[in-house]
1. Within segment A:42-57, what residues put their amide N at less than 18 Å from the label point 7 Å along the Cα-to-Cβ vector of B:ILE135?
2. Around A:GLY19, what is the net charge, scoring Lys/Arg as +1 and Asp/Glu as -1 over all other residues with Cβ under 13 Å from its Cβ?
3. Is chain B rounded, prolate or oblate when judged by the Cα gyration tensor, a ≥ b ≥ c being the square roots of its eigenvalues, rounded requiring a/c under 1.5 and prolate requiring a/b larger than b/c?
4. Looking at chain B, do any whole DSSP H helices span at least 24 angstrom along their long axis by alpha carbon and average 0.0 or above on Kyte-Doolittle, and which?
5. Using a 10 Å cut-off on Cβ atoms, rank the peptides B:50-58, B:141-149 from the highest mean neighbour count down.
6. Three principal axis extents, largest first, for the C-alpha atoms of the protein assembly as shown, in Å?
7. Report, in degrees rounded to the nearest 10, the 0 to 90 angle that the Cα long axis of helix A:5-25 makes with the longest principal axis of chain A.
8. For segment A:7-87, what does the alpha-carbon gyration tensor say about shape, rounded, prolate or oblate, given a ≥ b ≥ c as the root eigenvalues, a/c under 1.5 as rounded, and a/b over b/c as prolate?
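The values are calculated or read from the model by the stated rules, or taken from the named source; none is laboratory data. Note that the structure is predicted; figures quoted are calculated from it, not measured. Positions of Cβ are backbone-derived with ideal geometry, glycine not excepted, and every protein chain shown enters the neighbour counts. Note: accessible area is taken over every heavy atom of the protein model, side chains too, but ligands, DNA and RNA are not part of it. Shrake-Rupley method; radii C 1.70, N 1.55, O 1.52, S 1.80 Å.
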Amino acid sequence: MDVHISSYLLVALILFCVGLFGALTKRNAIVVLLSIELMLNAVNINLVAFSKYGVNAAISGQIFTLFTMTVAAAEVAVGIAILISLYRNRDTVNVDEMDQLKD
Amino acid sequence: MSASYLVFFLLGLLTIGGAVFMINFKRVVHMVIAVGVSFLSIAGLFVLLGAEFVAISQILVYSGAISILMLFGIMLTKHDASEEGSKSKGRVWLTFLGVAALFVVIFTGIQNTNWSAIPVKENTSSLSNVKEIGIEVFTKYVIPFELVSVLLLVALVGAIVMAKKEEE
């Protein structure tokens, strides 16, 4: 007997909610990026779970997960580059101090 | 209680525990370590779901590359940074309420779905997981695959241009 699909969905849901809470409340931009990675990982768990237990169970879910990982890696690379450039110019990593467009 | 339940329980606990510790730690470096534990146990969950290739990619990309990239990001900015959280407590509570509402909505959705109506399909193909993925990628998903390589190249060039020192 295998583990039921709803258990996987529950783990992914909790992970997504924790990531969402972190992304909305934390001030350090690196921690916000980490929280977004957690949310993407929760989605990946869902995709792989449905690729085994879904109505149209197929290998496509795992391939989509691989594409998601690639896009996430590219996003993190560009995000860290922007962050380093911003730190050099403004001397801060806190998201609530990045308000230059407001002035 | 079979062994797969036990393994699933352990991996799920580590996954959620890493995420929750990440939210609660004060030092940013500790947060990255906690989230690394979470990424590794997600790879374990993938193995449990029969997706070995995705699990190895998860370990290589997330636990390897992204965690190290985050550490580099921390070291190149404020390396002793600590997270003191949002200033206004009201906004934190408002966010918590919103996230809790989202959780309840999706949780009731999961609970009310009749999962036993879905027929359990046995894996009929005799190929291994890696072979299956390879055949599928290079027959049905060739164009997205090539587009992803272009995207990676653009991200590489963009990150270098963005992070290099500007000339006076």
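1. Answer for this model: A:52, A:57.
2. After counting each charged neighbour, the total is 0.
3. oblate
4. Details: long enough: B:3-24 (31 Å, 1.95); B:28-48 (30 Å, 2.43); B:89-112 (34 Å, 1.26); B:142-163 (32 Å, 2.59).
Going by DSSP H runs, the hits are B:3-24, B:28-48, B:89-112, B:142-163.
5. Final packing ranking: B:50-58, B:141-149.
6. Cα spread of the protein assembly as shown along its principal axes, largest to smallest: 63, 43, 31 Å.
7. 10
8. On the way: a/c = 5.79, a/b = 1.71, b/c = 3.39.
Verdict is oblate for segment A:7-87.
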